[in-house]
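Okay, structure first, notes after.
Bear in mind these aren't lab numbers, they're just calculated from the coordinates by the rules spelled out. Because the structure is predicted, anything quoted here is derived from the model rather than measured. All Cβ positions, glycine included, derive from the backbone under ideal geometry; neighbour counts span all protein chains shown.
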Amino acid sequence: MLGTPVRDRRAERREATRSEILDRAWAIVGEEGLGGLNVRDLAQRVGMRAPSLYEYFASKHAIYDAMFAQGYRQFGEALAGAQTLHGSEGLRAIAHRAIAFMVEEPARFLLLFQRTIPGFAPSPESYELSTEVLERTRDWFTTNGLGRAESLDLFTAMVSGLASQQIANDPGGDRWVRLVDPAVDMFLTHVQAAGGRTARRTRARSRS
């Protein structure tokens, strides 16, 4: 009979401390902005000295990298339910969930979608998480007849643009959030018209 697996309590404590550091880091950037993250202040909030914090994260950019990875995991989870829906209903749900996620925490929006930190680039491992979210969305577009290469680019630009306007010009309001449905309508009209033009060109070439 197999015995009870031995818990690695040291690893559990380390992971719990890392999670606490990230929670405090998000709290700081929520209050002070993305550029307001200070290692000394962060260490104090966690109850340790700054040199001790470096035992968990090698640099401030390493903290940003962990936040980037955590943020994209959350973004993928936010979109997952909407991506089980199909057609225009699914597209509206994806757009609404994406923009709600983006405007919920402006600092997170800047870290994940704007890249405003000088010298920071996500690690390959963290960047892969963002690629996975994009590829799942691309697969949804293909399955739902929106697979033209530029369609996803246009859609992501539309949603992130609305979020950027909302954050910059009406924080806490809904001036741009409430434009999601009209924007999706315009997007679908454009995509359907473009698809019709492509179909006509294809038929014309086949007849020639």
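Quick rundown of the values:
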item	result
The chain, relative contact order in percent, only Cα pairs under 8 angstrom and at least six apart counted	18 percent
Fewest-first ranking of 142, 17, using other Cβ atoms within 10 Å as the exposure measure	142, 17
The chain, Cα convex hull volume normalised per residue, Å³	190 Å³
Trypsin sites (Lys or Arg not before Pro) lying in DSSP loop within the range 11-78, provided at most 13 other Cβ fall within 10 Å	49
Inverse mean reciprocal Cα-Cα distance (Kirkwood Rh) of the range 1-57, Å	12.7 Å
